[in-house]
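Participant: My structure is below; once you've seen it, I'll send some questions.
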Amino acid sequence: MATDDEIVLGIDLGTTFSAMAHVNRYGKPEIITNAEGFQTTPSVVHFYDEDACIVGEEAVKMVVIDPHNVVRFIKRHMGEEDFTLDFFGRDYTPQEVSALILRKLKEDAEELLGVDVNDAVITVPAYFNSAQRGATAEAGQIAGLNVLSIINEPTAAAIAYGLDRIGGKRKLLVFDLGGGTFDVTVMEIRGTRLTTIASDGNAELGGKDWDDRLLNHVAEQFYEKFQLDPRDDAAPYQELYERCLNAKISLSSKERAVIPVNYRGQRMVVPITRTEFEELTRDLVEQCEDTANIVLEKARLRWEDLDDVLLVGGSTRMPMISNLLESLAGKPPAEGVNPDECVALGASLAGVFRHRPNHPALLAQRQQMVSRAKEVKREERKVEPAPQSAPQPAPDPNRPKAAAIGLAYGGSLVAGSGSQKPPEEPTFGLPGVTIEDATTHPLGIVVLDRNREERVVELIPQGTRVPHRYKGRFAYAYENMTAVRVEVTEGVGERRDEVTVIGKVELTGLPPRPRGTPIEVIYSYGVDQILQVRVIDVETGKEKEAQIQFQGGMTADQLSRARSHMRNMNVD
Amino acid sequence: MSGKNLELAHEFSTLVGASDLLAYLGMDHTASVDELRAKLKEKRKYMQGMQSNPKYKKQALFMIKHFSALDAVLQTPLEYIDDVRRRQESEHLPVLEMTIKGVLKGGRLTGEQAEFLRHQAGELGISEQTFQETLDRLCTEMGVAAPLPELSESEKASDHYAVLGVNNAASRDSIYDAYRTAYREAKGTPEPAAARSRMEAADQAWRVLGDPRTREAYDLARQSTAPPATQRESTPTPSGAKAPTAPPVRQRTAMPDTVPGAPRLEIFGEPVRRFGVANSPVHDEIRLRTAMPMNGFVTSTAPEWLRVEPAHLSPTTNEQTLRVTILPEFEEAEATGAIHIVTERGDRAQIVFEAKRRKIRPVTAFLAVAAILAIGLAVLLGSMNTIQGGGQPGLTIQIDPSADDVLLNSQSVGSGSVVYVANPPTGGVKLRVSQRNFRTYEQQITVPADQALEVPVMLELTEAMDFKPTAQMIQGTLDQEVVQKVMKPRSKAMDACIAIAAEPGKTMSGTVRIHIRQSGRAQGVEMEGDGINDPRVRTCLTRQAAAVYVHPLEEGDYATVRYDYQVTP
Ligand SMILES: Nc1ncnc2c1ncn2[C@@H]1O[C@H](COP(=O)(O)OP(=O)(O)OP(=O)(O)O)[C@@H](O)[C@H]1O
Ligand SMILES: [Mg+2]
């Protein structure tokens, strides 16, 4: 059993970059730098031998030299069946590749902190389905981590951002555009409760798509001039990709950039302005806008109703994105949030809230709150109205309540380098936060309808706040059945092949009875996104209960074999 | 090998724009299975480095995900190559079938007609092998004696078994292996001229022996030119060695002549039989007698509902009984089918079955015709001079005075279709073309005597064209609501396809019909109306149609989804 202050590593396993954080004993979340000294680690793996690979910055450098042995963007394939990559005669699943990234993070953290790290909370895009979540958990297991929970990236970001704003009632939109995935989530902070109201996204839209647009544009120009296409060869393609990526990033701060192309002895310099780039990617931005509007609609809110807009993910640094959000919301996005770090920070906080209820900082905070409450009461009696002078400078005069409870610890949560040093004047205390997520995919059951045709019935709709319990009655479809099978589905659709069956529960040994004999089915969906299914035969009281966890597609046997292989693998 | 793997291999070839996997790998038929698989593996590794490359992403991911399927396909290359050929030809096959059926309606097949059909097959890009398969099948179905394929002199002359170094009883697979080896060895011959001629010889040997029917014709031809049997028996082939000029495997039993005038095949009972069919099958028997025990085939022209057992005559008895089952599976209220019996002597008999049923399915004959119209239309006439296209478009062509052989051979019924007049009457003909919604026109053609003639049909839309959307969206047994639901999200995309060819301000209208197959996916698409002649529009619409999916149909059901468009850009 973990002790109350044993580290929970919060990991943001990103498509392009990964980051990790932990909550220090003062209750302050901190980014843990990697062995190279950076806050983020590229999610890139280079295999250079049967049992050796490099993860991170060094692997990125190998991409031009040895393109066929470098893996990038593996997150886009998490949870995909049949997807394996072959390196030196061994097939690697996406879980295994991700595990190598996680192992590097784990080992770097252990080195920096000087303690063993076992427990972790890993984040995934809110829009990930259960196979993708399952695969992420499996990756953690293969890496030798004890994955306490898988939480949604926007939730994590909101925790990190909202921690010093709790106490009031605020509506928050988290817009997360990363390297490979896109999520929009509307949340509500109410007291110490953080609730997901609505969420939507696209697990296949991210900075990479912007890169590709630029790359295609440049390649086409080059082709027009020389009838040669640099995308046709692996190494020149990778080289050009790097250049386009750099150009994209510099267009976020500059008006123009140039992209030199050098392929088969031909040279060309392609100039590009920010306006041109925006033109090339206009429809991608429109997709983002549509999704954001859809989420607001789902939440039954208007842009004016939002208190804050939070930008998360490196791609929100592009002016076209921040401008879009500013014009939609009618006010500038929230400041003081580092889009690269807040997810990992939030994950580490969630780890403490959920899995370390007796963390010293939480205890201290509880005590402080009790005494402060007394103090406030005393002051209220003396002066009216409520005091404006909070113990800490209020970040916003409109938030007196937040000021009263929220700012228990010093300093900003984020701010890259600032978060590295321990607070000068440590203030103990971390307020407990309750996290209420919502389902992003509907859960259902396969039944036979009146015509005895298979149909999928939705039991827990998308956007249902978790934890949630569904209880319903079903019946024998045929006479004299002696067993019933409940097939749990995920996804939108009425036909079995439109959804995914994520688990089965069978209740057997039933006495034969007529058609219509009632059977009760209970779905309980917990905070850690684990579904408990109970099937009860009403007449006899016989029942069967089973836990349906995310399955990433690997069996226990495969996992343990992968783990032992990974243990022997050299990760630099 | 599973059909799914072949399907995937086909999908992949389409994706990478190669005619087949071998071409994609830069290899040909001479490569061994191991070489092909090694090359595929190499390609996969290469594609791993391309999976984030936007230009190659799709194929790279396909390769990574379906590698094992592609690998499995390459393990039986002969089967794969046959599959590729069939796929390439399947599009035009219905046209050929219609043409052949038209010819066979005359009840016989002359060598000249067979040649003509072979020519047609060639024009349609259909291989000799498939042509033969199709011709044989249809001949059996329609009870016409199928001539064996004609071999050229050079094909007959050389000893193909010896060229490939195989026994004349060798299986097709081992012949293929031998061909590959022989071709490779030939290719390696140092002297170029010799190499070429050896390669050609190997190719020819495979062409002849690879197809069961030409192989049979070859075997027969060799047999008749081979020395008498007694002589052959005196020079037995040493066991284990390859037989250079061995007799063909399939010996035909010699038939003593029967008493002249006596019927050689006799059927007892009515030649035409009528049955009322309710919901369960009805049984009947055919008793027959042959002049002596002999082999023979028994086939049904409508195997969906008219079944007969056994499919062969028993060669041990001259009196036998065939069991007939009539299933209530025919689509219309009435159906007519026939059972053909053909003996190895070429005697034939036909028993006609007429089945009638009360329960009427909501079906019209339209579908059957429409499916053919989707691809092309071809009917050969005997002595009649009217071609009925049937179905909605109702293309009618009249030739005056009547010509002996008239064929409409077209890619689609529209402008550019070609009427083929094989035996035009001397002095010229008058062609009258009419089709609903198109202007009827007449054309006078003078033809030099005894010369075949191809006349293009030029169709022009009339102003009175009326393609207004109808309430009847669908024909068949599908639920209206389902179709509405399926088509609604697609209609925008389909309109966009049509808009490709649009001129500003002009309203484009027409109809797209999508035939749904049992699996619920589209089987064929048929289009008519404005913009359809533009190949970009066709491609775009076909792609949209291919994506249509309704739920799988029940056996015996069918559906045609109809989409009436009206686009004003
Ligand atoms: N200044 C910048 N301008 C434009 N794009 C940027 C900038 N900085 C980073 N990016 C882009 O942001 C993306 C990386 O963002 P981030 O690290 O948040 O994503 P991730 O967490 O790896 O991915 P995901 O959350 O989708 O799994 C990359 O595509 C990168 O090119
Ligand atoms: Mg991210």
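Participant: Is there a residue being at pLDDT below 80 and charged (D, E, K, R) anywhere in segment B:131-148?
Facilitator: No: segment B:131-148 contains no residue that is at pLDDT below 80 and charged (D, E, K, R).
Participant: For A:LEU301, are the conditions met, namely being surrounded by 15 or more Cβ atoms within 10 Å (Cβ to Cβ), in a helix (DSSP H, G or I) and either within 14 Å of chain B (Cβ to nearest Cβ) or more than 16 Å from ligand 2 (Cβ to nearest atom) (or both)?
Facilitator: The answer is no for A:LEU301.
Participant: To continue, here is another question. Can you spot a residue in segment A:206-227 that is within 16 Å of ligand 1 (Cβ to nearest atom), open to solvent by 10 Å² or more (accessible area, probe 1.4 Å) and more than 14 Å from chain B (Cβ to nearest Cβ)?
Facilitator: no
Participant: Right, here's the next one. Of the numbered conditions (1) more than 23 Å from A:TRP210 (Cα to Cα); (2) modelled with pLDDT of 95 or more; (3) open to solvent by 10 Å² or more (accessible area, probe 1.4 Å), A:GLY10 satisfies every one except a single condition; which is it?
Facilitator: Looking at each condition in turn, A:GLY10 falls short on (3).
Participant: How about segment A:13-33: which of its residues are within 16 Å of ligand 2 (Cβ to nearest atom) and either in a loop (DSSP other than H, G, I, E, B) or at pLDDT below 90 (or both)?
Facilitator: If the condition is that a residue be within 16 Å of ligand 2 (Cβ to nearest atom) and either in a loop (DSSP other than H, G, I, E, B) or at pLDDT below 90 (or both), then A:LEU13, A:GLY14, A:THR15, A:THR16 are the ones that fit.
Participant: In the list A:GLU539, A:GLU506, which residue meets the criterion of being open to solvent by 30 Å² or more (accessible area, probe 1.4 Å) and part of a strand (DSSP E or B)?
Facilitator: A:GLU506
Participant: Another question, if that's okay. Take the conditions more than 14 Å from chain A (Cβ to nearest Cβ), hydrophobic (A, V, I, L, M, F, W, C) and buried (at least 18 other Cβ atoms within 10 Å of the Cβ) and apply them to B:LEU96. Does it pass? Before you say what the answer is, go through the steps one by one.
Facilitator: On the way: more than 14 Å from chain A (Cβ to nearest Cβ): yes; hydrophobic (A, V, I, L, M, F, W, C): yes; buried (at least 18 other Cβ atoms within 10 Å of the Cβ): yes.
It is true that B:LEU96 is more than 14 Å from chain A (Cβ to nearest Cβ), hydrophobic (A, V, I, L, M, F, W, C) and buried (at least 18 other Cβ atoms within 10 Å of the Cβ).
Participant: Report the residue count in segment B:52-68 for those that are in contact with a helix residue (DSSP H, G or I) (Cβ under 6 Å, 6 or more places away or on another chain), surrounded by 18 or more Cβ atoms within 10 Å (Cβ to Cβ) and at the interface with another protein chain (Cβ under 8 Å from one of its Cβ atoms).
Facilitator: Of the residues in segment B:52-68, 3 are in contact with a helix residue (DSSP H, G or I) (Cβ under 6 Å, 6 or more places away or on another chain), surrounded by 18 or more Cβ atoms within 10 Å (Cβ to Cβ) and at the interface with another protein chain (Cβ under 8 Å from one of its Cβ atoms).
Participant: For segment A:355-366, check the following and say yes or no: at least one residue is assigned to a helix (DSSP H, G or I), in contact with a Pro (Cβ under 6 Å, 6 or more places away or on another chain) and either more than 14 Å from every other protein chain (Cβ to nearest Cβ) or within 16 Å of ligand 2 (Cβ to nearest atom) (or both).
Facilitator: Among the residues of segment A:355-366, at least one is assigned to a helix (DSSP H, G or I), in contact with a Pro (Cβ under 6 Å, 6 or more places away or on another chain) and either more than 14 Å from every other protein chain (Cβ to nearest Cβ) or within 16 Å of ligand 2 (Cβ to nearest atom) (or both), which makes the answer yes.
Participant: Would segment A:93-110 turn up any residue that is away from ligand 1 (no atom under 15 Å from the Cβ), within 14 Å of another protein chain (Cβ to nearest Cβ) and either of a type in the set (Val, Ile, Thr) or out of contact with any helix residue (DSSP H, G or I) (no Cβ under 6 Å at 6 or more places or on another chain) (or both)?
Facilitator: Yes, that holds for at least one residue.
Participant: Conditions: (1) more than 27 Å from the chain's Cα centre (by Cα); (2) away from chain B (no Cβ under 14 Å). A:VAL309 meets all but one. Number of the miss?
Facilitator: The one condition A:VAL309 does not meet is (1).
Participant: Quick one: which residue in A:ALA52, A:ALA59 is more than 13 Å from chain B (Cβ to nearest Cβ) and either buried (at least 23 other Cβ atoms within 10 Å of the Cβ) or within 20 Å of A:GLY314 (Cα to Cα) (or both)?
Facilitator: One residue alone meets the criteria, A:ALA59.
Participant: Of the residues B:THR134, B:THR181, B:THR140, only one is open to solvent by 60 Å² or more (accessible area, probe 1.4 Å) and of a type in the set (S, T, N, Q); which?
Facilitator: B:THR181
Participant: Could we say that A:ARG496 is surrounded by 13 or more Cβ atoms within 10 Å (Cβ to Cβ) and within 14 Å of chain B (Cβ to nearest Cβ) here?
Facilitator: It is true that A:ARG496 is surrounded by 13 or more Cβ atoms within 10 Å (Cβ to Cβ) and within 14 Å of chain B (Cβ to nearest Cβ).
Participant: Those residues that are open to solvent by less than 40 Å² (accessible area, probe 1.4 Å) and either away from ligand 2 (no atom under 16 Å from the Cβ) or in contact with a Phe, Trp or Tyr (Cβ under 8 Å, 6 or more places away or on another chain) (or both), I need them from segment A:329-341; list them, please.
Facilitator: Selection gives A:ALA329, A:PRO333, A:ALA334, A:VAL337.
Participant: Being touching a residue at least 24 places away in the same chain (Cβ under 8 Å) and either within 16 Å of ligand 1 (Cβ to nearest atom) or closer than 18 Å to A:GLU335 by Cα (or both) is the requirement here; does A:ALA120 meet it?
Facilitator: no
Participant: If I filter segment A:304-320 down to residues being away from ligand 1 (no atom under 16 Å from the Cβ) and not in a strand (DSSP E or B), which single residue comes out as surrounded by the fewest Cβ atoms within 10 Å (Cβ to Cβ)?
Facilitator: A:GLU304
Participant: Follow-up question, since we're still on this one. May I ask you to list the residues in segment B:130-163 that are among the hydroxyl-bearing types (Ser, Thr, Tyr) and part of a helix (DSSP H, G or I)? First the steps, then the outcome.
Facilitator: Start the filter on segment B:130-163 by keeping residues that are among the hydroxyl-bearing types (Ser, Thr, Tyr), which leaves B:130, B:134, B:140, B:152, B:154, B:158, B:161.
Listed by number, the residues that qualify are B:THR130, B:THR134, B:THR140, B:SER154, B:TYR161.
The values are calculated or read from the model by the stated rules, or taken from the named source; none is laboratory data. Not measured: the values here are computed from a predicted model. Quick reminder, even Gly has a Cβ in these numbers, built from the backbone with ideal geometry, and neighbours come from all protein chains shown. For accessibility, only protein heavy atoms count, side chains too; no ligands or nucleic acids. Shrake-Rupley method; radii C 1.70, N 1.55, O 1.52, S 1.80 Å.
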